[in-house]
Amino acid sequence: MANPPVENVTLDLRRGVIVLATLSQLSQEQYGYSLLKNLSDLGLDVDQGTLYPLLRRLEAQGLLESVWKIEEARPRRYYVISAAGRKLLPKLKEEWNSIVAVMKKMLA
Amino acid sequence: MNLIDRYVREIGRQLPQKTRADIEKEIRSAVEDMLEDRSKKDGRAIDEEMTIAVLKEYGNPDTVAASYLPEQYLIGPQLFPIFWLVTKIVFAVLTTLAVIGLGFALFGGEPVTTAAEFWKGLFTDILGEYFSGMMAAFGNIVLVFALIQRFATGWEFKEKDEEKDWNPRDLPDVEDVDQVKIGEHIAEIVFIVLGLIVFNFYPEYIGIYGFADNERFFAPILSNAFFSYMPWINLLWGLQFALDVWLIQQRRWQYGSRLLLMAVKAGNAALAYAMLKGPSILGLTPDVLMSEMHFTADGAQSLAMLLAQVVKWGLIIAIVAGAVDVIKALVQMVRSQRTPVTA
């Protein structure tokens, strides 16, 4: 079987992180593009095709809330973490820290 | 209509009605945000070239639309193993029936006048029916499973408790599917040799012996029609005998021995089919029952009819059993290829 391209492996690695990254950045409401820029500025490049559907899925799961607002003469959808999302976030952080600790040991 | 409108509409066209407008609105908003950002960075007004670059960056409309849709299956991964098993079984049955049909057409069908007529009949009737039957069966299986997938979405095919509470101790032993059971094949050889001797050299002794009205009688069980099949019976028993000897020598089932087994079992089924469709193989006719066993006319008629039914159903069972044996051999062949040999 052919080895998967490096980009695919990297993408798989990042995919699991994006949910945590997104929830962590939405304590204040943001619209999709501003969140995308924000994540990029912090060093996590996510493409639109991944982020926007993810935001909808997280909202469907009750972890985010959204509202349309008219700004600069055009509508923007703002997302913010919900009560359920706030409850979940510390657990996800804990899990993440544990994974990082384990992986540090493994890769040392 | 501008490029953004066309782009958004092309994505929306592939989305469900329920969420289309909302997603279209969000994509439009995101594209406009990207354009505004790009315009500030490049220090120039938004133009068509910039719009094209941003849309290309946003992604192919098909890919973007797909990212909003759940994975869709005609037959999903949960159902696929059952679908595949059913398909293999149905195909094996159809293939067996086609082989039986071929055998009957070659040896028991209407005589043909020319070779061209023979080949035409072979290709148009038997192979044509076989392939159209395969296609129809495959289509129907796919349709049934697609309907289950569509309307039974969310069904749990295993109970929740079963998912969690399984016990490794309950797993079946790893069976060595290739191991030959020597005793069974020795017994089979003994019966085949006895059968070959009796049916070929002492056919006149196969019947019912007894006393009726203080007279000794003998009534042959099998008719002359049955004995007309003896060359085929000898061939099949001979092949089975050879297979048994081969297996006892090899001690393990192999690809070739399984193919031979399938051929013998298919041949048995074909022979049973020929007997079913041909003249009666039963020698106990009403005349024999009356003359030899002193039955009354009504009694002889009734018993002969009953025996004919028994023979008929026996042959049908033999056909089905032959088909099942072929399928079993096929399944074992597949399992053998998948299962590593264990000591």
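The values are calculated or read from the model by the stated rules, or taken from the named source; none is laboratory data. Everything numeric in this text was worked out from a predicted model, so none of it was measured. Positions of Cβ are generated from backbone atoms using ideal geometry, with glycine treated the same way; all protein chains shown enter the neighbour counts.
In this structure, does B:Glu32 turn out to be touching a residue at least 12 places away in the same chain (Cβ under 8 Å) and touching a strand residue (DSSP E or B) at 6+ places or on another chain (Cβ under 7 Å)? It is true that B:Glu32 is touching a residue at least 12 places away in the same chain (Cβ under 8 Å) and touching a strand residue (DSSP E or B) at 6+ places or on another chain (Cβ under 7 Å). Among residues of the range B:70-84 that are farther than 11 Å from B:Ile148 by Cα, those with a beta-carbon under 8 Å from a residue that is surrounded by 13 or more Cβ atoms within 10 Å (Cβ to Cβ) at least six positions away or on a different chain give the pairs B:Tyr73/B:Gln149; B:Ile82/B:Phe145.
Residues in the range B:4-14 that are farther than 21 Å from A:Leu36 by Cβ and within 12 Å of another protein chain (Cβ to nearest Cβ): there are none. Hey, any hits in the range B:247-262 for a residue that's of a type in the set (Val, Ile, Thr) and either without any contact (Cβ under 8 Å) to a residue 60 or more places away in the chain or in the same structural domain as B:Thr87 (by TED's automatic domain parsing) (or both)? For the range B:247-262, residues of a type in the set (Val, Ile, Thr) and either without any contact (Cβ under 8 Å) to a residue 60 or more places away in the chain or in the same structural domain as B:Thr87 (by TED's automatic domain parsing) (or both): absent. Would you mind telling me which numbered condition in (1) exposed (fewer than 15 other Cβ atoms within 10 Å of the Cβ); (2) closer than 16 Å to A:Ser24 by Cβ; (3) more than 12 Å from every other protein chain (Cβ to nearest Cβ) A:Ser40 fails? For A:Ser40, the exception is condition (3).
Summed over the range A:49-60, the residues that are in contact (Cβ under 8 Å) with a residue 12 or more places away in the chain and not aliphatic (A, V, I, L, M) give a count of 3. Can you confirm whether the range B:196-205 contains a residue that is assigned to a helix (DSSP H, G or I) and either surrounded by 17 or more Cβ atoms within 10 Å (Cβ to Cβ) or basic (Lys, Arg) (or both)? Checked the range B:196-205: at least one residue is assigned to a helix (DSSP H, G or I) and either surrounded by 17 or more Cβ atoms within 10 Å (Cβ to Cβ) or basic (Lys, Arg) (or both). Does A:Val80 qualify as being away from chain B (no Cβ under 13 Å), in contact with an Asp or Glu (Cβ under 7 Å, 6 or more places away or on another chain), surrounded by fewer than 18 Cβ atoms within 10 Å (Cβ to Cβ) and closer than 25 Å to B:Ala65 by Cα? Yes, satisfied. For the range B:29-52, taking the residues that are aliphatic (A, V, I, L, M) and crowded, with 16+ Cβ neighbours inside 10 Å, the one that is nearest to A:Glu71 (Cα to Cα) is identified as B:Ala30. Checking each residue in the range A:58-74 for being within 11 Å of another protein chain (Cβ to nearest Cβ), touching a helix residue (DSSP H, G or I) at 6+ places or on another chain (Cβ under 9 Å) and farther than 17 Å from B:Asp37 by Cβ picks out A:Ser66, A:Trp68.
Among the residues of the range B:287-336, the one identified as free of Cβ contacts under 8 Å to residues at least 12 places away in the same chain, surrounded by fewer than 16 Cβ atoms within 10 Å (Cβ to Cβ) and touching a helix residue (DSSP H, G or I) at 6+ places or on another chain (Cβ under 7 Å) is B:Ala297.
Of everything listed in (1) in contact with a helix residue (DSSP H, G or I) (Cβ under 9 Å, 6 or more places away or on another chain); (2) at pLDDT 70 or above; (3) assigned to a helix (DSSP H, G or I), the single unmet condition for B:Gly121 is (2). Restricting attention to the range A:4-32, the residues being without any contact (Cβ under 8 Å) to a residue 12 or more places away in the chain and surrounded by 10 or more Cβ atoms within 10 Å (Cβ to Cβ) number 7.
Could you please find all residues in the range B:250-293 being among the small types (Gly, Ala, Ser) and over 17 Å from B:Pro220 (Cα atoms)? Matches in the range B:250-293: B:Gly256, B:Ser257, B:Ala263, B:Ala266, B:Gly267, B:Ala269, B:Ala270, B:Ala272, B:Ala274, B:Gly278. The set of residues in the range B:19-72 being on the phi < 0 side of the Ramachandran plot, assigned to a loop (DSSP other than H, G, I, E, B) and within 11 Å of chain A (Cβ to nearest Cβ) consists of B:Asn60, B:Leu69, B:Pro70.
Just so you know, in the range A:48-75 the residues that are surrounded by 14 or more Cβ atoms within 10 Å (Cβ to Cβ) and in contact with a Gly (Cβ under 8 Å, 6 or more places away or on another chain) include one that is nearest to B:Pro61 (Cα to Cα), and it is A:Gly49.
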